[in-house]
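Before any comments, here is the structure.
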Amino acid sequence: MSELAAELVRLKVDIIVVPGGAIPIRAAKNATKTIPIVMMGLSADPVELGLVESLARPGGNVTGLTTLSRELGGKRLELLKEAVTKVARVAVLYEPATPAAVIEVKEVLPVSAHALGLTVRSWEVRDAGGFEKVFAALSKERPDGLYVTTGGLITSNQKRIVGFALKSRLPSTYTSRSSVEAGGLMSYGRDFAESYRRVAYYVDRILKGAKPADLPVEQPTKFELVINLKTAKQIGLTIPPEVLARANRLIK
């Protein structure tokens with residue numbers, strides 16, 4: 001990431017747009033203090049990470065949008081329980097290199113699970129080779145549901161995760177629509193398309209002379225519940241009508 005960011009700086013680009021988490025954003029920020037950086041897809045708090053001074057006044061050369069992904073963890077668990085009434089034990093898949101995922105697993109989900117009467121157990125994956133070990137362990141544990149957090153390693157192995165969940169007839173919930181389109185059961189999170197449209201707004205403002213330091217960091221206001229009915233049928237699950245009625249999109 002650092003090498004790629006340094007290359008962009010050498011090319012003297014006008015703006016660097018960084019989708020993804022804290023690692024690529026920090027790499028870009030470390031590479032330049034002058035080229036504007038527009039971030040999109042950060043699920044952690046950019047103030048906590050030291051990327052901006054505040055949401056209202058970023059203060060440096062970084063601005064853009066955050067996702068609120070980890071704060072939505074409780075809602076995802078709640079929706080999973082409503083969709084799968086028998087769920088009691090939920091396995092949580094996460095990568096420890098992603099700060100937001102760690103906070104979600106250690107702080108957010110345990111509180112929400114307790115309130116919902118669920119038991120959650122976290123399983124960490126540090127590299128691509130670690131998935132099969134976790135899958136083998138989950139096959140023995142046989143949890144009632146699978147909660148998949150966000151992160152680069154998770155995203156790049158999306159098909160493997162979805163494939164395991166389908167093969168195991170395991171109801172699964174994710175942070176983004178793309179995982180559901182790939183065969184996951186359901187997701188709840190911000191509207192990605194809307195977020196990328198807002199990125200264009202930031203780029204336009206900066207190219208017209210606005211400074212990143214003066215453009216407030218935006219948090220999402222539009223969220224979507226996506227359910228894959230084909231997957232539900234494949235794993236033998238009937239989702240209650242009241243849950244289906246709340247979905248923004250149903251994949252049939």
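Some notes on this structure:
- Wholly within the range 140-252, strands (runs of 3 or more DSSP E) carrying at least 1 residues that are under 27 Å from P96 (Cβ atoms): 145-148, 172-174, 186-190, 223-228
- For the range 43-94, the tally of residues that are closer than 25 Å to N157 by Cβ, among the basic types (K, R) and surrounded by fewer than 18 Cβ atoms within 10 Å (Cβ to Cβ) stands at 2.
- Considering each residue of the range 28-42 in turn, at least one proves to be open to solvent by 10 Å² or more (accessible area, probe 1.4 Å), at pLDDT 95 or above and of a type in the set (G, A, S).
- Qualifying residue in the range 52-65 (condition: over 22 Å from Y201 (Cα atoms), within 18 Å of the chain's Cα centre (by Cα) and of a type outside the set (D, E, K, R)): no
- In the range 185-223, residue farthest from S168 (Cα to Cα) [restricted to those that are open to solvent by less than 20 Å² (accessible area, probe 1.4 Å) and not hydrophobic (A, V, I, L, M, F, W, C)]: P212
- Filtered residues of the range 145-164 (kept if out of contact with any Leu (no Cβ under 8 Å at 6 or more places or on another chain) and either open to solvent by 60 Å² or more (accessible area, probe 1.4 Å) or not polar (S, T, N, Q) (or both)): G151, G152, L153, T155, S156, K159, R160, V162, G163
The values are calculated or read from the model by the stated rules, or taken from the named source; none is laboratory data. Keep in mind that what you see is a predicted model, and the values were worked out from it rather than measured. Positions of Cβ are backbone-derived with ideal geometry, glycine not excepted, and every protein chain shown enters the neighbour counts. Calculation scope for accessible area: heavy atoms of the full protein, side chains included, ligands and nucleic acids excluded. Shrake-Rupley method; radii C 1.70, N 1.55, O 1.52, S 1.80 Å.
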